[in-house]
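A short worksheet on the structure shown next.
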Amino acid sequence: MQIAMELNLLQEAFKAAEDMHSLISIAHENNSSPTPKESNDLQTCLRLIFWESGHYLLHALACHLIYNSNLRFRKEIPPEEAVALANMVVLSTLAVPPYNNKEDTQNEQEQELIFRLAGMLSTTGLPSHDFLVSQIKMKNTLSACSPEIRDLFIFMNAA
């Protein structure tokens with residue numbers, strides 16, 4: 001999966017991610033859990049695939065999951081990395097159009113694909129832009145951001 005991503009072979013990387021997700025699902029059925037690193041690797045790969053394919057809502061969701069798992073499972077995150085992760089979450093959320101999302105206007109077959117892709121992130125549904133914004137506020141992610149990103153977020157969400 002990593003090699004396919006490095007070579008920008010997104011379709012091959014997606015197939016590898018699907019295989020990895022299937023293995024993780026089988027492990028869950030056998031009461032076994034993937035390591036945090038395995039989950040993080042899958043989410044990172046999917047994050048890049050979603051960005052390249054224009055699924056910005058799923059990309060932002062993957063960024064949120066990566067950020068949350070880093071906070072939960074890593075004992076100490078270097079300050080520069082913590083800021084970079086928080087910036088990634090906020091900027092990815094700002095990249096999601098608040099209205100007329102691509103995911104909202106798909107036909108039934110495309111909508112099924114979107115939900116299947118979201119399922120690879122182990123979510124039961126597709127979040128909205130507003131939900132992602134509320135998560136940033138609720139988890140106080142802005143306090144970990146650089147001041148410029150925080151100001152941009154406040155400006156973009158002032159209403």
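Taking region 40-77 as the region of interest, how many residues are under 24 Å from ARG116 (Cα atoms), not in a helix (DSSP H, G or I) and not polar (S, T, N, Q)?
Looking only at that region, the number is 2.
Looking only at region 104-154, which residues are basic (Lys, Arg) and exposed (fewer than 13 other Cβ atoms within 10 Å of the Cβ)?
Across region 104-154, the qualifying residues are ARG116, LYS137.
If you scan region 36-85, which residues turn out to be aliphatic (A, V, I, L, M) and either more than 27 Å from ASP151 (Cα to Cα) or touching a residue at least 60 places away in the same chain (Cβ under 8 Å) (or both)?
Across region 36-85, the qualifying residues are LEU42, LEU46, ILE49, LEU57, LEU58, ALA60, LEU61, ALA82, VAL83.
Since every read-out is calculated from the coordinates, none of them should be taken as a lab result. Small disclaimer: the values here were computed from a predicted structure and weren't measured. With ideal geometry, Cβ positions are generated from the backbone for all residues, glycine too; neighbour counts draw on all protein chains shown.
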